[in-house]
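See below for the structure under consideration.
The values are calculated or read from the model by the stated rules, or taken from the named source; none is laboratory data. What you see is a predicted model, and the numbers here were worked out from it, not measured in a lab. In this analysis, Cβ positions are derived from the backbone assuming ideal geometry, glycine residues included, and neighbour counts consider all displayed protein chains. To get the accessible areas, we keep the full protein, side chains included, count just its heavy atoms, and leave off ligands, DNA and RNA. Shrake-Rupley method; radii C 1.70, N 1.55, O 1.52, S 1.80 Å.
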Amino acid sequence: MVIFVLVLVVIFGALIFVVQYQNSKQLDGVDNPYNKTELDQATIDQLDDPMYQNQILPNELADKLSNGEDVTVYFYSPTCIHCQRTTPELVPIAEEYGVDLVKLNLLEFESAWSEFNIESTPTMVHYEGGEESARIVGEQPQANFEDFFEQEVLAEADDS
């Protein structure tokens, strides 16, 4: 019985090692914008996806805000079904409007939920002069995102 338990422990240990090794190898040669060596598999799966480029780290966002910069941030989680449906709609709209939409992955940076007052995903927040000026929460029709960019993001830029 003891030998059986030891064999199971060794097998599980080897399995954990192999999975971690494979994940680390997946990160080799891939642009990893997260400054972390261990990522959730859902994040690894999105590393090469053009929809999830232009990542911002929480400390980078905090620096921009403390410097009074304007920034539009898309807070999302790779495991959120609403984010999975919203991102392919939202990113092309932002590109069409010429908005530099940075993305913050809340799965990788859980402290950002409270740091930036995020209650659910997806959430897009526009900061003007380092202060929040507009927010849109949840899965939305395309027209709502267009209105957000026109009325909140680009209108603010025109007023400057």
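Details
- Qualifying residues in the stretch 143-160 (those that are over 14 Å from Val99 (Cβ atoms) and at pLDDT 95 or above) - the one surrounded by the fewest Cβ atoms within 10 Å (Cβ to Cβ): Ala143
- Given (1) at pLDDT 90 or above; (2) open to solvent by 50 Å² or more (accessible area, probe 1.4 Å), index of the condition Leu6 fails: (1)
- Residue in the stretch 92-99 that is more than 19 Å from Glu152 (Cβ to Cβ), modelled with pLDDT of 95 or more, open to solvent by 70 Å² or more (accessible area, probe 1.4 Å) and of a type outside the set (Gly, Ala, Ser) present: no
- Top-ranked residue of the stretch 30-79 - restricted to ones that are outside any loop (DSSP other than H, G, I, E, B) and charged (D, E, K, R), ranked as nearest to Glu128 (Cα to Cα): Lys64
- Scan of the stretch 34-76 for residues that are touching a helix residue (DSSP H, G or I) at 6+ places or on another chain (Cβ under 6 Å) and of a type in the set (Ser, Thr, Tyr), ordered by number: Tyr52, Thr72, Tyr76
- The residues of the stretch 100-121 that are closer than 21 Å to Asn35 by Cβ, more than 14 Å from the chain's Cα centre (by Cα) and either touching a residue at least 12 places away in the same chain (Cβ under 8 Å) or open to solvent by less than 50 Å² (accessible area, probe 1.4 Å) (or both), listed by number, are Asp100, Glu115.
- Considering the stretch 50-83, and only residues there that are charged (D, E, K, R) and without any contact (Cβ under 8 Å) to a residue 40 or more places away in the chain, the residue that is surrounded by the most Cβ atoms within 10 Å (Cβ to Cβ) turns out to be Glu60.
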